[in-house]
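Values quoted throughout were computed directly from the atomic coordinates according to the rules given, and no laboratory measurement underlies them. Fair warning: this is a prediction, and the values are worked out from it, not measured in the lab. Cβ placement follows ideal geometry from the backbone for every residue including glycine, while neighbour counts extend to all protein chains displayed.
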Amino acid sequence: MSFYSGRYVFSHGATWNNVPLRVSELTLGDYLRPLGCRVAIVGESHFLPDLEGMARLGLKNDQGIGAVIGEGRFEPWDRDDQLRPDSVPDLDSNTMTISGA
């Protein structure tokens, strides 16, 4: 999670593989997507969505912006389970602003 967020473990709080990165943490995807980059995640990431934080914001991790946030702000692509989406997620279906910590 330190690689995704650019922050030390003690500051982002995801101290182990099965500890989710808080929904409020910005990742590389948040910085690259506005620049026109299509960002995807390939292989094992050990990224768990912050389901509790997403529920507080009214987001579902299987649609729109919630699906992207649930994957660390990356589009899932060939995650060792042969998942290869046919299209880019519709990020406009659920608009929200995430502020950095």
### Query
³J(HN,Hα) across the range 43-56 via Karplus (A = 6.51, B = -1.76, C = 1.60, θ = phi - 60°), whole Hz, x for Gly/Pro?
x, 6, 10, 6, 8, 10, x, 7, 4, 5, x, 5, 5, 4
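Based only on the alpha carbon positions, what is the Kirkwood hydrodynamic radius of the range 2-90, in angstrom?
Computed over the range 2-90, the radius equals 13.4 Å.
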### Task
Would you pull out the residues with amide H under 5 Å of residue 75's amide H, same chain only if 5 or more places away, H placed 1.01 Å from N?
39, 40, 41
### Task
Using per-residue counts of other Cβ atoms within 10 Å, averaged over each peptide, order 48-61, 8-21 from highest down.
48-61, 8-21
### Message
Per-residue counts of other Cβ atoms within 10 Å, averaged by peptide: what ranking do you get for 31-43, 62-74, highest first?
### Response
62-74, 31-43
